[in-house]
Amino acid sequence: MDADWPLSPTPLHLNHGSFGAVPRFALTAQAALRDEMEAAPVRWFAGLPDRIAAARAEIARFLRVAPETLALVPNASGGASVAFAGLPFPHGGEIIVTDHGYGAVTMGAERLARRRHGTVRTVHVPLDAGAEEAASAVIGAITGRTALIIADHLTSPTARFLPVDLIGRVARERGIPFLVDGAHVPALLETPLAGVDCDVWVGNLHKFGCAPRSTGVLVARGPHVQELWPLIDSWGAPLPYPRRFDVQGTLDVTAQLAAPGTLTGIDARWGWAAVRARASELAGSGASVIAAAFTALTGEDHTVRVGMPAGPMRLVRLPGTLGTGPGAPDALRARVLAELSAECAFGQFGGVGYLRLSAHVYNSTADYEEFAERCVPVLTRWAGPVSTRSTPWPAPSPDR
Ligand SMILES: Cc1ncc(COP(=O)(O)O)c(C=O)c1O
């Protein structure tokens, strides 16, 4: 595997979900596209919209969605910004988000609400809630003022799925625009949008899909499709959705053009089903090994049971109050990187700190054994004597 991936052996990389490795063959393909661009820039940009349209059609096939529903965007955040700018939102409307939401997207929702003198309501979904309970929490919060619902397909701080199919059904029945943040989901699920009805679904091919970075997708359905516009006003403006997203001025879109070949290349080399199975096995066994190492030192149970778990992303409970408090997960991540040379994600939810493991095929069981042996004793020492705190902190996202 090492020959296939450019990751350095240090730091220990257990965090594909935030920023993961791109296979060498994909970077080589992107570099060849860059060379082509630089060799004849005028010809390159003149032919670009058609090439983007062709890439978009291939990506739509991979995600098993109709090509006319899919547009390319720089990243999932950009896709959410497109939704905030384009979906109808009345003065004084309310946006429903969950307490598992990705912080940056939630902040975008808050700005939208402020602009329209509206409000954001954060719904609590218990970590272990199954599909019905989680859907009821969101649906039960709908009021006559609800003008937008946002749910993460696979949550960043808590590594669990949300029942976006059940929520979407009710949102559509009631005519409430629904934005699904599926940043982690492309390639991690074979048919991510099966059974999911929503106005806008955004995802990243540069996460589990391992495409070169800046490859977000936006899938739009329902009555508001033609109200969606790309982030950059450019010459595609007179064109219908999604063609207008193919024209974005002078941008380096070599990552987008290299994305279809990355997806098919991974399939040809390793097979997506095998990649998913291997990443799930690694994250599952890695979480067990690390939780057991904590237990050996604290005598407590560090395993975590989430409702609707996601195979390649798993949580381990941190000891004491480690990783809790405003800014604490980010500070812990920086300290672990600086002092332990390990790259991993930390999050907090309901006043509890978590290590989030996010595996891909370049990881190995030895990675988790190393973390258990080398890092767990230090983290336990950093946690100090176990103390309990009853007030939950808000949950920032580990993916930044
Ligand atoms: C749930 C979720 N949404 C959005 C994003 C943002 O992704 P990007 O920075 O590629 O836009 C992330 C990043 O990890 C995420 O986890």
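Computed from the coordinates by the stated procedures, all read-outs in this text should not be read as laboratory data. Values in this document were obtained by computation on a predicted structure and should not be read as measured data. No Cβ is skipped: glycine too gets one built from the backbone with ideal geometry, and neighbour counts run over all protein chains shown.
Placing +1 on the Cβ of every Lys and Arg and -1 on the Cβ of every Asp and Glu, with no other charges, gives the chain a dipole of roughly 640 debye about its Cα centre.
Comparing Cα centroids, region 270-313 and region 339-368 end up 10 angstrom apart. Applying a length cut-off of 24 Å (Cα extent along the axis) and a mean Kyte-Doolittle floor of 0.5 to the DSSP H helices of the chain leaves 272-298.
Put a plus charge on the Cβ of each Lys and Arg, a minus charge on the Cβ of each Asp and Glu, and nothing anywhere else: the dipole of region 77-154 about its Cα centre is then about 560 debye. Between amide H atoms placed 1.01 Å from N, distances below 5 Å from ARG121 occur with ILE95, ILE96, VAL97, all of them 5 or more places distant or on a separate chain.
Considering the chain as a Gaussian network with a 10 Å cut-off on Cα pairs, which listed residue, LEU257, LEU231, LEU297, attains the greatest mean-square fluctuation? The residue with the greatest mean-square fluctuation here is LEU297. Per residue, the convex hull around the alpha carbon atoms of the chain comes to 132 Å³.
In nanometres, what is the gap between the two model label sites at ASP50 and ARG111, each 7 Å from Cα along Cα-to-Cβ? Those two pseudo-labels are separated by 3.7 nm. When +1 charges are put on Lys and Arg Cβ atoms and -1 charges on Asp and Glu Cβ atoms, the dipole computed for region 147-273 relative to its Cα centre reaches about 120 debye. Cα centroid distance between region 1-69 and region 185-250, in Å? Region 1-69 and region 185-250 have Cα centres spaced 16 Å from each other. Here region 158-241 yields Rg over Rh of 1.00, to two decimals, using C-alpha coordinates and the Kirkwood radius.
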